[in-house]
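Right, one structure below, let's go through it.
Read-outs: derived from the displayed coordinates by stated rules, not from any lab. None of these values were measured; they are calculated from a predicted model. Neighbour counts are summed over all protein chains in view; Cβ atoms, including those assigned to glycine, are modelled from backbone coordinates with ideal geometry.
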């Protein structure tokens, strides 16, 4: 008994040691391909154009610091609530960043660590999945690192929601383990992985839950890998996940569905996308420096995918003929991607004909597990692919059918989502390598090592970025932040409303630089970024302050901002304004305007780089007007305080409707609107007095944070 226990412990120890070695192997590959993630771990992040990186990190930074009670009400786009629903709701990514924040990592460190972990987890999931289809672990390990080196990872480094596709191989793996063992704990883990995928990326999540999971389970039922009883159990379990997803994400669905057109034809994948790049051919052909879409994984990997399909044929002579034809077509298509797209598409049509012939011919010789992943692959490929150049095939796409059934507008980015298919290709390459080794007969471990090394080397050479950035990585940049000195002059986390100038119209992602600095003051910020722009809001704000703010500020604009946006502070960033106006004298021109309108704004901080203006009525008024969102009025009590005592009547109006008439004695007054019928945003509150009063402050009672 003891010997058996020691044997099991020894086996578990060896397995853990092996997994550590696998992770070490992945870390080595990541360092070879992306050394900047390690060399600039604490100071830089992968660079993205148009403020993409700042946009994503500002959303995450906000989610990490905001109380859970406000997760749907991030006020970066005041006065609208549910702001997170109007952009990428990166809940799943933020969970990792929250953990990194707790252990003391800064934003740059958290970003780089998340990228490294995503690549390791995705590769490890592909390894576990591929291992289920092959007796050769080294082949599963070899081809799994394609997940790390694929060209499109560079894009995903700046769009972390798309990088978060690493849950998919685990979903497949856990379900297949359930099919083999019938242990229902695997259903829990598969469902959890699927839920976390949705939590991290709505785009991938929609495709996983709407297309991949139903097709995967349906094919498993048809192939009798799954009993109808177990199918019902899984359906109920996943149904609970769907209810939770709808509860969390319904604001995002509502907003994106109503704001985006349904026509996504241009985003479907085509043959040019699949074969548009080969490093080997760059030595002979004049390829563009920026290929349209780098989906081609290189010949070394792709040939093993072809071996899988060729192995389905029975006769050796036919296998050889098919291999030569498919290999020749692959070379031709890779060349034609930038030469003749029409001819490429016809060749790909022929290529698919040979693949289909091989599948039909060898279907009966496939294992049930191979049939399962192949069926899902065929379905998903047909869903996302189209032939734009062949007229009679141009409109034939499963996606047209499904978009009429499912309201998916605004929730898809098909070209980026297409890499969801990569784990299945890794499985095919592993099976292809296994079939090839079996065809070669008995092979020594020495030959195994040589084969591993040669394939590994070719995959590296075909995918590694040149010139090799060993010492520094040109793709890494510092996150430029504004000087935090001015934010120290603001009340911290006090429901104040801030506008930062310049406000970028037409390039809203550039406003993310202000969101990144939100951590210094944690008040309500008018400058924000939403991927689905509420045009009414933008147009109205643009009308008040002007697209380039060249005539701002003025008395009427400040008064309107105070009344319609409840504005408390304006920050003028002179260095940014100089660039925005292409004028180095912009401070000299604007400062006289600021000083001349002290009825509605007073300077409370000023230096060469920045000026802070506090806004409110600095003259006696008979009416106080402010505008708030439903969230703020429902959850907090609105108050005001006067500079001197008042005796008389006060009328309270909501959206021009009289709510209350009361005699006020003293300097302060409070009113709760939580029982009133409120609009989601744009609720105009007005307090009218018998005689002019001088306001000291109008504010919300501070809400407890938890």
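Between residue 456 and residue 684, residue separation times 0.36 nm minus the direct Cα-Cα distance comes to 75.5 nm.
Stokes-Einstein diffusion for the chain, with the hydrodynamic radius set to the Kirkwood value over Cα pairs and evaluated at 10 °C in a medium of 1.306 mPa s, equals 55 µm²/s.
Using only the C-alpha atoms, the convex hull of the range 556-617 corresponds to 82 Å³ per residue.
Placing dummy labels 7 Å off each Cα toward the beta-carbon, the span from residue 365 to residue 606 is 8.5 nm. Using C-alpha pairs under 8 Å with a sequence gap of at least 6, the mean separation divided by the residue count of the range 486-615 gives a relative contact order of 28 percent. The per residue volume of the convex hull around the alpha-carbon atoms of the range 584-642 is 141 Å³. Between residue 38 and residue 550, the C-beta separation translates, for a Förster distance of 56 Å, into a calculated FRET efficiency of about 0.80.
Taking 7 Å steps out from each Cα toward its Cβ at residue 481 and residue 635 produces label points 2.5 nm apart. Using the alpha carbons alone, the radius of gyration of the range 636-679 stands to its Kirkwood radius in an Rg to Rh ratio of 0.99. When peptides 150-158, 245-253, 34-42 are ranked by their average number of other Cβ atoms within 10 Å per residue, the highest-first order is 150-158, 34-42, 245-253. The share of alpha-carbon pairs in the range 88-463 lying farther apart than 31 Å comes to 37%.
With the convex hull drawn over the C-alpha atoms of the range 621-700, the volume per residue is 76 Å³.
Computed from the C-beta positions of residue 657 and residue 242, the FRET efficiency with R₀ = 35 Å rounds to 0.30.
Multiplying the residue separation of residue 542 and residue 27 by 0.36 nm and subtracting their alpha-carbon distance yields 180.6 nm.
Measuring from centroid to centroid over Cα atoms, what is the spacing of the range 325-376 and the range 545-562 in Å? Going from one Cα centre to the other spans 61 Å.
With both labels modelled 7 Å from their Cα along Cα-to-Cβ, the residue 644 to residue 381 distance reads 8.3 nm. When 207, 582, 101, 400 are arranged by Cβ crowding within 10 Å, least crowded first, meaning fewest neighbours, the order is 582, 400, 101, 207.
Computed FRET efficiency, Cβ-Cβ of residue 488 and residue 15, R0 45 Å: what is it to the nearest 0.05? According to the calculation, E is roughly 0.25. Using C-alpha pairs below 8 Å separated by at least 6 residues, the relative contact order for the chain is 16 percent. Counted by neighbouring Cβ atoms within 10 Å, the residues 579, 586 run from fewest to most as 579, 586. With all pairs of different C-alpha atoms in the average, the Kirkwood value for the hydrodynamic radius of the range 517-660 is 17.5 Å. Once you have a ≥ b ≥ c as the square roots of the Cα gyration tensor eigenvalues for the range 138-243, tell me rounded if a/c is under 1.5, and otherwise prolate or oblate according to whether a/b is larger than b/c. Since a/c reaches 1.5 but b/c is at least a/b, the shape of the range 138-243 is classed as oblate. Here the sum of -39500 (n - 2.57) over DSSP H runs of 4 or more residues, divided by the residues of the chain, equals -16000 deg cm²/dmol at 222 nm, to the nearest 500.
With the Kirkwood sum run over all distinct C-alpha pairs, the range 487-600 has a hydrodynamic radius of 14.7 Å. Ranked by the mean number of other Cβ atoms within 10 Å of their residues, highest first, the peptides 11-22, 307-318 come out as 307-318, 11-22.
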